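Participant: What follows is a single structure, and I will ask about it in a moment.
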Amino acid sequence: MVKKTFQLLLLFGFFYVFEIHFQTIYEYHLGFVTNSDVLYPYLFAKDIWEGTIRGWNFPPSTCLFPDSLLNILLFPITKDVYRSFFLFGFYAFAITFFAARSLGLKNKNSLFLSLAFLLFAAELPDSLGQYVMPSFHISIFLFLAYFLYESKHWNSKKPFHWFRMTLVFTLLWLSEYWFFVHLGFFVVWIFWKQMGKQIWIPTLLMLIGFFITKSIQNYLRSLDIGMFTAKELPTIERIQTATNLIFNDPISFFTATWQSITQHPVLWPWFQTFLILFVMLFIYAIWFAKTEKPKNLIVLCLSPFITIFALKVFQIEPNFRYLYILAFLDLFLGLYFISKIPLLRRSFPIIAFIGFVVFSASKTHERLEYISTGEKKRKHRIQCLETFDPKEPASTTYWPTKYSYTFSKLPYTLVPYTKEGIYYPWVSNKHWDKGLGSKPMEFYSWGITETKEHLTLFPNVQLVKECEGLYFYKR
């Protein structure tokens, strides 16, 4: 316990020292753009402590645990938006460390991986940078670390182990079912390897967790808390379409799947690096590994392929939000090979840390300017908003709604609609709308949208303010 506490304090110290890189990511998502998706856990926590959770609509992958739970626990300690996000960013930083440790990297190399992940994320704040933001699926690494731990310490004679695994599977189905896509195959492998014929136990507990989740969802609906599922989304139709294409024209399907990565300007360089390292791992396993073969690592390396295939089936554009495992494996495999070379194994941590310090110092001025610009953009948007009377309700499209509720201290009533004028309380609380969701869009005297072209679709509107990507209009 003392050792783990010391590790957490040490990790927090490193995260604090390199905070400027986190700030860069934060200011991209909430300064340069209005990425309202990341605000859902914070606003949900705020409603628990200061409002009502009745009326909330959750996304399909709810991220209730641990993203929302962390925000709920933090809210009484600090209501400040940045501090809440900073602490969540530290959580994301820490679990990448523990995931690397659970896969066999030493402490120093695991720390290097976490630091490298953060620095690369700051270079790509719009894509890889999503990992330090709430509700963007970084918690798959927490569950990965848990299952690796559980597979090594499982004892079927202890009821608490059964309870613990059932609880985790329930939380996965409820909060982060993307884990089954990304790492489900790997978890099956490690349990089969460790438990053999007893693999029926985690399979049973997974099914029990699924049915418990269904009961929880029904209970939440009875409290007027909605949850989007496959029934409300075109998931099943997309799976059927992909299945038909695979059977009727497999070459076309797999060519399109491959092109979705090769033609992606951000992901393709990472995937190329991964392919090279994966081939090297195979060569090492066959000809050079004299003792234990890295079978677990080889199976884990199938995860990016499985995820890319699944994204194509679900017709989702490839994005680092669903492929953190790709960046993680690039760094992990690189460090894995370094650890096999005695000279590099001893010298690399020191060289790497000096490199981090020098790189951060060279980026400080650029980062500070970027952060300052993001802060100014956010303040400018809210200043524009607050020139409107908060007593007059307004119509908004999706992005400005949660953003305005988070950063404005005035009690606005902003009712979300699609560009076609359909009431759309996606991942928000219907109680914020004060019963106005049934009103047509023309009912409101003013409104906000994040896309100027939308104004041509709205009847009888006139643009009155354009502020950092938000367009304010009146009727």
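The values are calculated or read from the model by the stated rules, or taken from the named source; none is laboratory data. Bear in mind the structure is a predicted one, so any value in this text is a computation, not a measurement. Don't worry about glycine lacking a Cβ; one is built from the backbone with ideal geometry, like all the others, and counts go over all protein chains shown. Only protein heavy atoms, including side chains, enter the accessible area calculation; ligands, DNA and RNA are left aside. Shrake-Rupley method; radii C 1.70, N 1.55, O 1.52, S 1.80 Å.
Participant: What is the percent carbon and sulfur in the accessible area of the chain, measuring with a 1.4 Å probe over the protein chains and ignoring ligands? Working shown, then result.
Facilitator: Values: 14660 of 22680 Å².
Carbon with sulfur: 65 percent of the solvent-accessible area.
Participant: Per DSSP H run of n ≥ 4, the term is -39500 (n - 2.57); total these for the chain, divide by its residue number, and report the mean residue ellipticity at 222 nm rounded to 500 deg cm²/dmol. Write down the numbers at each step before the final one.
Facilitator: Numbers: 18 runs with 283 residues, N = 475.
Result for the chain, helices only: -19500 deg cm²/dmol.
Participant: Still on this structure, I have one more. Cut-off 20 Å, label point 7 angstrom out along Cα-to-Cβ of residue 247: give me the residues of the range 311-345 whose amide nitrogen falls inside.
Facilitator: 312-315
Participant: Arranged from highest to lowest average of other beta-carbon atoms within 10 Å per residue, in what order do the peptides 363-370, 274-281 appear?
Facilitator: Numbers: 363-370: 13.4, 274-281: 15.9.
With the highest mean Cβ count within 10 Å placed first, the list reads 274-281, 363-370.
Participant: Same structure, new question: Can you list which of the trypsin sites (Lys or Arg not before Pro) found in the range 268-348 are DSSP loop residues with at most 13 other C-beta atoms within 10 Å? Provide the component values of the computation, followed by the final result.
Facilitator: Values: sites: 290, 295, 312, 321, 340, 345, 346; in loops: 290, 340.
Those that pass, being in a loop and sparsely packed, are 290, 340.
Participant: I've got another one for you. What order do you get for 166-172, 299-305, 197-203 when each peptide is scored by the mean count of other beta carbon atoms within 10 Å, highest first? List each step's numbers first, then the result.
Facilitator: Numbers: 166-172: 20.7, 299-305: 19.0, 197-203: 14.0.
Ranked from most to least packed, the peptides come out as 166-172, 299-305, 197-203.
Participant: Taking a virtual spin label 7 Å from the Cα of residue 156 along the C-beta vector, which residues in the range 179-220 bring their backbone nitrogen under 17 Å of it?
Facilitator: Counting backbone N atoms under 17 Å from the label point, the list is 188-208.
Participant: Related question: Excluding same-chain residues fewer than 8 positions from residue 363, which aspartates and glutamates have a Cα within less than 19 Å of its Cα?
Facilitator: Straight-line reach from residue 363, under 19 Å: 19, 27, 123, 126, 375.
Participant: I would also like to ask the following. Taking Cα pairs under 8 Å and at least six residues apart, what relative contact order does the chain come out at, in percent? Write out the running numbers ahead of the final one.
Facilitator: Numbers: 578 pairs, mean separation 97.3, N = 475.
Relative contact order comes out at 20 percent.
Participant: If you don't mind, another one. Using mean Cβ contacts within 10 Å as the protection proxy, how do 146-157, 372-383, 322-333, 106-117 order, highest first? List each step's numbers first, then the result.
Facilitator: On the way: 146-157: 14.3, 372-383: 16.4, 322-333: 23.4, 106-117: 21.1.
Going from most to least packed, we get 322-333, 106-117, 372-383, 146-157.
Participant: Further, regarding this structure: Give the separation of the Cα centroids, the range 95-136 to the range 445-475, in Å.
Facilitator: When both Cα centres are located, 39 Å separates them.
Participant: Relative to the longest principal Cα axis of the chain, at what angle does helix 107-123 sit, 0 to 90 degrees, rounded to 10?
Facilitator: Roughly 30 degrees, rounded to the nearest 10.
Participant: When the distances between all Cα atoms of the chain are binned every 20 Å from zero, what whole-number percent does each bin get?
Facilitator: Taking all Cα pairs of the chain, the binned fractions are 21, 55, 23, 2 percent.
Participant: So for the pair residue 83, residue 17, with labels modelled 7 Å out along Cα→Cβ, what separation do we get in nm?
Facilitator: Reported label-point gap for residue 83 and residue 17 is 2.5 nm.
Participant: Quick one: grab the alpha carbon gyration tensor of the range 128-226, order the square roots of its eigenvalues as a ≥ b ≥ c, and give me rounded if a/c is under 1.5, else prolate or oblate depending on whether a/b is larger than b/c.
Facilitator: oblate
Participant: How high is the relative contact order of the range 1-152, in percent, with contacts defined as C-alpha pairs under 8 Å that are six or more residues apart? If you can, show how the numbers build up before the last one.
Facilitator: Values: 141 pairs, mean separation 46.8, N = 152.
Relative contact order comes out at 31 percent.
Participant: Give me the accessible area per residue for the range 85-213, probe 1.4 Å, as a whole number in Å². Mind showing how you got there, number by number?
Facilitator: Values: 4860 Å² over 129 residues.
With all protein chains present, the range 85-213 gives 38 Å² per residue.
Participant: Any chance you could check the Cα centroid distance between the range 320-335 and the range 50-92 for me, in angstrom?
Facilitator: 26 Å
Participant: Modelled label-to-label distance, residue 107 and residue 284, 7 Å Cα→beta-carbon offset: nm?
Facilitator: Spacing of the two 7 Å Cα→Cβ label points: 2.3 nm.
Participant: Measure nothing but the geometry: give the 0 to 90° angle between the long axis through the Cα atoms of 398-407 and the longest principal axis through the Cα atoms of the chain, rounded to 10°.
Facilitator: On a 0 to 90 degree scale, this one is about 90.
Participant: Would you tally the net charge around residue 103, using a Cβ to Cβ cut-off of less than 13 Å, leaving residue 103 out, and scoring K and R as +1, D and E as -1? Before the final figure, lay out the partial values.
Facilitator: Numbers: positive: 101, 106, 152, 295; negative: none.
Cβ neighbours under 13 Å give a net charge of +4.
Participant: Roughly what % antiparallel, to the nearest 5, for the DSSP beta bridges in the chain?
Facilitator: Antiparallel: roughly 60 percent of the beta bridges in the chain.
Participant: For a Förster distance of 51 Å, can you work out the FRET efficiency between the beta-carbons of residue 235 and residue 408, rounded to the nearest 0.05? Spell out each step's value before the answer.
Facilitator: Numbers: r = 35 Å, r/R0 = 0.69.
The pair residue 235/residue 408 has a calculated efficiency of 0.90.
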